[in-house]
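In what follows, a structure is listed as structure tokens, so that the remarks can point back to it.
The values are calculated or read from the model by the stated rules, or taken from the named source; none is laboratory data. Just so it is clear, the model here is predicted, and its values are computed rather than measured. With ideal geometry, Cβ positions are generated from the backbone for all residues, glycine too; neighbour counts draw on all protein chains shown.
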Amino acid sequence: MQSHLDGNPGTAAGLTLERLPRATSACIVRVEGDDVLARRLADHGLWPGVTLWLLARAPFGDPLLVWVQGCRLAIRRDEARRVHVRLTPEPR
């Protein structure tokens, strides 16, 4: 499913926010979908090119706590599955 929020058409990202290891930063590659949920994710600052950090996971893995655009955001796993990311280099 191609999205209007796709930052790099034709490039499939193999890693989603849902599978990102804790305490890891990543850059958003694309957000799947062209629906209300995709727009809501964009409204919360999740769009291509933005760097985020996965801060924590709830005990059973849902929700996830991410830092994005200077804010902490709780996001459900099924929503995080739609956010494709690539790992960013660790700061030195």
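What to note about this one:
- Some residue of region 59-79 being surrounded by 11 or more Cβ atoms within 10 Å (Cβ to Cβ), of a type in the set (D, E, K, R), at pLDDT below 95 and more than 13 Å from the chain's Cα centre (by Cα): yes
- Given (1) in contact (Cβ under 8 Å) with a residue 40 or more places away in the chain; (2) out of contact with any Leu (no Cβ under 9 Å at 6 or more places or on another chain); (3) among the β-branched types (Val, Ile, Thr), number of the condition Val29 does not satisfy: (2)
- From the list Arg40, Arg82, the lone residue that is of a type outside the set (Asp, Glu), in contact with a helix residue (DSSP H, G or I) (Cβ under 9 Å, 6 or more places away or on another chain) and loosely packed, with under 14 Cβ neighbours inside 10 Å is Arg40.
- Residue under evaluation Pro21, criteria (1) outside any loop (DSSP other than H, G, I, E, B); (2) in contact (Cβ under 8 Å) with a residue 12 or more places away in the chain; (3) not small (Gly, Ala, Ser), criterion not met: (1)
- Scope region 83-92; condition more than 13 Å from Thr24 (Cβ to Cβ) and modelled with pLDDT under 95; matching residues: Arg92
- Residue count for region 40-56, restricted to those that are more than 10 Å from the chain's Cα centre (by Cα) and modelled with pLDDT of 95 or more: 3.
- Candidates are the residues of region 35-86 that are among the small types (Gly, Ala, Ser) and touching a residue at least 24 places away in the same chain (Cβ under 8 Å); the one that is nearest to Arg22 (Cα to Cα) is Ala56.
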